[in-house]
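Visitor: Pasting a structure here, questions to come.
The values are calculated or read from the model by the stated rules, or taken from the named source; none is laboratory data. All figures in this text were calculated on a predicted structure; none of them were measured in a lab. All Cβ positions, even for glycine, are placed from backbone atoms using ideal geometry, and neighbour counts span all protein chains on display. Surface accessibility is based on the protein's heavy atoms, side chains included, excluding ligands, DNA and RNA. Shrake-Rupley method; radii C 1.70, N 1.55, O 1.52, S 1.80 Å.
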Amino acid sequence: MTITPSAALMDAIVLSVVARDGTYGYKITQDIRSVMEISESTLYPVLRRLQKEGYLDVYDQEFAGRNRRYYRITPKGGVLLEESLEEWENFKSRLDRVFYSQQTPRDQG
């Protein structure tokens, strides 16, 4: 089964990766790919939207003779990440109760 993350979950994933350390797009893609499939064509629109909405700052830095675009989380992005992580924990807890409940409907009899 392949589970596709919602836009809100993808935002939280990207913000979480960027919050660890200001980083560039390819590295963000690789970090996310370590746990789920994502294409660059999926990631870059998310990065642009998060930047436009004020959750990420962007700066260019020279690397190997060319500019590389780096992303860092803003204070506003930090607030959104905290809220998203809290919502995720609540959602995950509710799912865990469903997935791992020892009692089945027949047991309630």
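Visitor: Given the residues Ala12, Ala8, which is the only one that is in contact (Cβ under 8 Å) with a residue 24 or more places away in the chain, assigned to a helix (DSSP H, G or I) and exposed (fewer than 14 other Cβ atoms within 10 Å of the Cβ)?
Guide: From the options Ala12, Ala8, the qualifying one is Ala8.
Visitor: Moving on to the next point. Between residues in the range 71-96 that are of a type in the set (A, V, I, L, M) and residues that are surrounded by fewer than 14 Cβ atoms within 10 Å (Cβ to Cβ) and part of a helix (DSSP H, G or I), which pairs lie under 9 Å by C-beta distance while being six or more apart or on different chains?
Guide: Correct list of pairs: empty, since none qualify.
Yes or no, residue by residue, for (1) over 16 Å from Ala12 (Cβ atoms); (2) in contact with a helix residue (DSSP H, G or I) (Cβ under 6 Å, 6 or more places away or on another chain); (3) of a type outside the set (S, T, N, Q):
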position	(1), (2), (3)
Ser41	yes, no, no
Arg48	yes, no, yes
Glu62	yes, no, yes
Gly65	yes, no, yes
Glu83	no, no, yes
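Visitor: Return the residues of the range 64-84 that are out of contact with any Gly (no Cβ under 8 Å at 6 or more places or on another chain), at pLDDT below 95 and open to solvent by 80 Å² or more (accessible area, probe 1.4 Å); say none if nothing qualifies.
Guide: Ala64, Arg66, Asn67
Visitor: Report the residue count in the range 15-59 for those that are of a type in the set (S, T, N, Q) and in a helix (DSSP H, G or I).
Guide: 6
Visitor: Among the residues of the range 22-36, how many are without any contact (Cβ under 8 Å) to a residue 24 or more places away in the chain and either within 11 Å of the chain's Cα centre (by Cα) or closer than 19 Å to Ala7 by Cβ (or both)?
Guide: 5
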